[in-house]
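Before any comments, here is the structure.
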Amino acid sequence: MMKNYLIGALLPVVIMSGCKSSNSNDSLRDPVSDTGISAAIQANLPLGAMQSQVAASVYKDGVKQPLVGGDIFKAYSESTSTILRSIENLSGDYVSELNTLNPGFGVNFEVEFDPQAAREDRWYPADTLVVDPGPSDLIGYSAHVDFPAELRLASPQAGEVYLDRSDQIMLSWNASADTEQIRITSIQQCDYPGGALEWARSFTYPTDTGTQSIPVGDLVPSTGLLNSVATIVGQLSVILSSLAIEAITYGLVDAKPINISDYQVQTCTITLTVFREVAGQLGAGVTGGYAIASTSDSVSVVFQP
């Protein structure tokens, strides 16, 4: 069965309009600046995990920059470090997992110069093309984030089945005064005769009430276009959600708008991740973008129309 991938990590996010909350509510993600260096950085610690998920992109004069030569993205916890690896060659999108035994330390991000380490995941062999132009002007930029209190979902139950688009998915979790905003990201994986579709929704709430009701029809509409919107606002939350369910095949993403009316949707698995988010600190000289720390919990439910 062939899959049509409609959404990818750190690529244009499929966002549907007409819902109660949208990315316009996001108070933590500043836009990329047209001048200077900007960064989009997030570290997320899922419930019960001993590894945090780290993702990052860097921009120069508003344009996403792939790290070339000996440049690398590196993340540090209290006791270890990891190199963030490119999702695909020269994409400018970097992701990894970082051992995080003491969440209270937070995570430090650095753009560093390490020619040997940089060659290890690139398309050419690590022992060839050793000519090195030296460090670029991206070296030295940094960020730091500190995790908020853990988030634990109380409902819905995993595998809960919904039969109608008017049904309400009742999400509830432990509210916290530490929260600056809540982001809910959903990934829909739906079968139709002859294939499967996959897309994402990501939206924010400015207060942590510990509960939110989402109509199934907001996530799986019966009509209309699923429009691709090129924005950094929700991109990292989609890749971090996808890491848990291995939903994304990098580099095989069709980000074109799709008319959902053309497909007879049968059964959908809806995976919802609730993020508790707080702002981090971008390092000196970074003029735009964001650094965010989050904790999260996920649950998968089923829609059978």
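Between V32 and G289, the built amide H atoms are under 5 Å apart, and every one of these is 5 or more places off in sequence or on another chain.
Between the amide H of G106 and those of F147, distances stay under 5 Å, these residues lying 5 or more places away or on another chain, with hydrogens modeled in the peptide plane. Across region 201-210, coupling constants 3J(HN,Hα) worked out from phi with the 6.51/-1.76/1.60 Karplus curve, θ = phi - 60°, read 10, 8, 8, 10, 10, x, 10, 9, 8, x Hz, and Gly and Pro carry x. Among 187-197, 151-161, sorting by the average number of other beta carbon atoms lying within 10 angstrom of each residue, highest first, gives 187-197, 151-161. The H on the amide N of L67, modeled in the peptide plane, is under 5 Å from the matching H of G92, each at least 5 residues off or on a different chain.
Values quoted throughout were computed directly from the atomic coordinates according to the rules given, and no laboratory measurement underlies them. It should be emphasised that the depicted structure is a prediction, and the values quoted were computed from it without experimental measurement. As a convention, Cβ positions derive from the backbone with ideal geometry for all residues, glycine included, and neighbour counts pool all protein chains shown.
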